[in-house]
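> Pasting a structure here, questions to come.
The values are calculated or read from the model by the stated rules, or taken from the named source; none is laboratory data. Keep in mind that what you see is a predicted model, and the values were worked out from it rather than measured. Cβ atoms come from the backbone with ideal geometry, glycine included; neighbour counts cover every protein chain shown. Areas reflect the complete protein model, heavy atoms only, side chains present, ligands, DNA and RNA absent. Shrake-Rupley method; radii C 1.70, N 1.55, O 1.52, S 1.80 Å.
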Amino acid sequence: MAMKIIKQPLRWQVGLVLLAGVLAISTSAIFARLAIASAGVSGVGFSLFVAGSRLTIASMLLLPAWPKLRPAQLGPGALLYASGAGICLALHFVTWITSLSFTSIAASTTLVTTTPIWVALVSWLWFKEKLTRMTVLGIGVAFVGAVLITLGDGGALSGGSNPLLGNSLALMGAVIASLYILFGREAQQRGLSLGSYSAFAYSMGALVLLLLSLLWGVSYLNYPVAVYVYILLIAVFPQMVGHTSFNWLVRWINPTLVTLAILFEPIGACFLGYLVFQEVPGVLVLLGAVVLLVGVAVAVYGANLTRG
């Protein structure tokens, strides 16, 4: 049987997909904030509903991957790590979406993109993976940026009612996302395909959020129609278009470049936040965001030096 040859995409096609992916993930905070505004409620309870709905939709879209799951062919701990990843993904969405009720879009999206920093630190502590000097330098620079954001004015111009709480939740979301990535890596190394792993992790996350919603007394019903429209848009654009674009791109360009491109999400989200909500972050927040993103970029580049 002749092997099917996959045609190399043209450079402009790669660039177009990269731009579409960045724009798609940049809408996540905007749609989440619009859902909060349309519902007229905020906080952990509503975040459970939004995150649970997003993962439920994603799980349904991945139903075709379930028949390919073969537990008997998996290495020890594969499903356990996938379960842990699903739980972490659920908690990541809850903490980050909740942060948007208390701090600016610029601060929230910038702080949550520090995930590569936490992946490097957790890998160093857990797997004893070496940190390069450049990675350590990047972590230090990112820390300075985070401090500047925290010290920034959280008044009405930045759209935050409690910036310290919101920023802390966004950082917590980044830390939990790093565990999601590492658990997912372990699950796939133990035999789970990308499709099967994603289906299992998304379903686990959706189930966890459903149970937490029941315990919290949160209903998935009786919200305005606009809320459900925005949640659907979150599932379609940031989740399916954004993440699918990046999964395709790593086949054709350096994964480091893809990771660095994702750092443009806060810039896109900040611009959209200004257009939709007239939200203007304080000077310290903007300065801190730039410093933090530079630090993350340096850390990502340094980390990839150890992988050749």
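> Does the range 192-202 include one or more residues that are polar (S, T, N, Q), over 24 Å from Ala120 (Cα atoms) and not in a helix (DSSP H, G or I)? Show your work before the answer.
Looking only at the range 192-202, we keep the residues that are polar (S, T, N, Q), and these are 193, 196, 198.
From the residues that got through so far, the ones that are over 24 Å from Ala120 (Cα atoms) too are 196.
Applying the additional criterion that residues be not in a helix (DSSP H, G or I) yields none.
No, there is no match, as no residue in the range 192-202 is polar (S, T, N, Q), over 24 Å from Ala120 (Cα atoms) and not in a helix (DSSP H, G or I).
> Got at least one residue in the range 45-56 being open to solvent by 20 Å² or more (accessible area, probe 1.4 Å), out of contact with any strand residue (DSSP E or B) (no Cβ under 6 Å at 6 or more places or on another chain) and under 16 Å from Met172 (Cα atoms)?
There is no residue in the range 45-56 that is open to solvent by 20 Å² or more (accessible area, probe 1.4 Å), out of contact with any strand residue (DSSP E or B) (no Cβ under 6 Å at 6 or more places or on another chain) and under 16 Å from Met172 (Cα atoms).
> Quick one: which of Val50, Val17 is among the β-branched types (Val, Ile, Thr) and at pLDDT below 90? Spell out how you get there, then give the answer.
Numbers: Val50 fails: at pLDDT below 90.
Unique residue meeting the criteria: Val17.
> Within the range 267-277, which residues are under 18 Å from the mean Cα position of the chain (by Cα) and farther than 17 Å from His243 by Cβ? Show your work before the answer.
Within the range 267-277, the first condition is being under 18 Å from the mean Cα position of the chain (by Cα), and the residues that meet it are 267-270, 272-273.
Hits for the range 267-277 are Ile267, Cys270, Leu272, Gly273.
> A further question follows. From the set of residues in the range 23-32 that are open to solvent by 20 Å² or more (accessible area, probe 1.4 Å) and either acidic (Asp, Glu) or in a helix (DSSP H, G or I) (or both), which is nearest to Ser53 (Cα to Cα)?
First, the residues of the range 23-32 that are open to solvent by 20 Å² or more (accessible area, probe 1.4 Å): 23, 27, 31.
This time we only want the ones that are either acidic (Asp, Glu) or in a helix (DSSP H, G or I) (or both), so: 23, 31.
Working: Leu23: 22, Phe31: 13 Å.
Going through the qualifying residues, I end up with Phe31.
> Does Val250 satisfy being at pLDDT below 85, surrounded by fewer than 15 Cβ atoms within 10 Å (Cβ to Cβ) and β-branched (Val, Ile, Thr)? Before you say what the answer is, go through the steps one by one.
Details: at pLDDT below 85: yes; surrounded by fewer than 15 Cβ atoms within 10 Å (Cβ to Cβ): yes; β-branched (Val, Ile, Thr): yes.
Yes, satisfied.
> Does the range 213-223 hold any residues that are at negative phi and either in contact with a Pro (Cβ under 9 Å, 6 or more places away or on another chain) or open to solvent by 60 Å² or more (accessible area, probe 1.4 Å) (or both), and which are they? Give the steps one after another, and end with the answer.
Filtering the range 213-223 down to residues at negative phi leaves 213-216, 218-221, 223.
Once the filter is applied, which keeps residues that are at negative phi and either in contact with a Pro (Cβ under 9 Å, 6 or more places away or on another chain) or open to solvent by 60 Å² or more (accessible area, probe 1.4 Å) (or both), the range 213-223 yields Leu214, Leu215, Trp216, Leu221.
> Can we say Val294 is part of a helix (DSSP H, G or I) and surrounded by fewer than 18 Cβ atoms within 10 Å (Cβ to Cβ)?
On the way: part of a helix (DSSP H, G or I): yes; surrounded by fewer than 18 Cβ atoms within 10 Å (Cβ to Cβ): yes.
In short, yes.
> List pairs: first in the range 36-62 and under 24 Å from Val276 (Cβ atoms) and outside any helix (DSSP H, G or I), second open to solvent by less than 10 Å² (accessible area, probe 1.4 Å) and modelled with pLDDT of 90 or more, Cβ under 8 Å, 6+ apart or cross-chain?
If the second residue must be open to solvent by less than 10 Å² (accessible area, probe 1.4 Å) and modelled with pLDDT of 90 or more, the pairs left are Ser42/Thr98; Gly43/Thr98.
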